[in-house]
Amino acid sequence: MLSFDISKEYKGSGVSQGLERGLLVYNDGILLVEEGMGLGACAFQIGGYTHFTSNKSIYESGDSFEVVCKIDKMLIWTIWGMKSKPLTRSLEFITTNIYMKQEKRQNKLLALGNILRKIFNVKASFVNVPTQGEVKITYEIVGNEIFVNLSCETKKTGTKIFVMNELGGSIFNQGIVDGLITPPPTGWEKIAGSCELYSYIQGLTFAFIQKNIPTNVRSTLYWGREQTASNYCWAGFESELFCSGRKVNNYSYSIRFREVAQ
């Protein structure tokens, strides 16, 4: 039986350890998130750097949650233990302009990046910064479907927003496209048609359904999966939102789980 929760204590594992997650998903009491960010977690690309959130308040009422977050953490990569903004900006550029656009080569690029991180002892760190804005996310749970509504306001215009819905990469290790079981996506791939992520072990799939895009927002949808020995282990869906102003009002979607006979 599926159940859901928000936790300020659970900070994940792997490369993103230390960040607060979105909605956590359990099946028969087993947490299905692994290194994933949970459902509805957000990242913001501001001034050439990726920023994350920390929870300001959590309100639970029956089958719904309301979470207010501050945008107050910035990703800085370290090399040999020293924080490096030039390295961080370079990796941001490579991720956005090369990695995300090379769908067929992402597995090789991910493996190469993992080797280079080990050689040069490159690690992620998340530093506290002045608040760059605020996010409000509401979750309404109806059976095995979660309806998510997101509004936010940032200090700068033209912010790129990544809305992440990620569960465990070793758990959801297959895809279903137009009803047929397929290999999982490699890295991030643009969504074309009907697709689900599938866990044979759990007998579950989950899918993303976009509901409302505000008029000042442009949305691109991806699904993806990454798994390496020690750093990455997630599978999920991502909305890449570009906002022409400073406010996003009522971007909404749902995550639908489906039980599959094993």
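Bear in mind these aren't lab numbers, they're just calculated from the coordinates by the rules spelled out. Just so we're clear, the structure is a prediction, and the values are computed from it rather than from any experiment. Every residue, glycine among them, receives a Cβ derived from its backbone with ideal geometry; neighbour counts consider all protein chains shown.
What the Cα atoms of the chain give is an Rg and a Dmax of 17.5, 50 Å.
The calculated FRET efficiency for the pair residue 221 and residue 82, based on their C-beta separation and a Förster distance of 25 Å, comes to about 0.10. Neighbours of residue 11 by Cβ distance under 14 Å: Lys/Arg scored +1, Asp/Glu scored -1, total -1. Among 185, 214, 86, the largest mean-square fluctuation in a Gaussian network model of the chain (Cα springs under 10 Å) belongs to 86. With K and R counted +1 and D and E -1, the other residues having a Cβ less than 11 Å from that of residue 164 yield a net charge of -2.
Shape annotation for the range 134-230: C-alpha extents along the principal axes are 42, 32, 29 Å, from largest to smallest.
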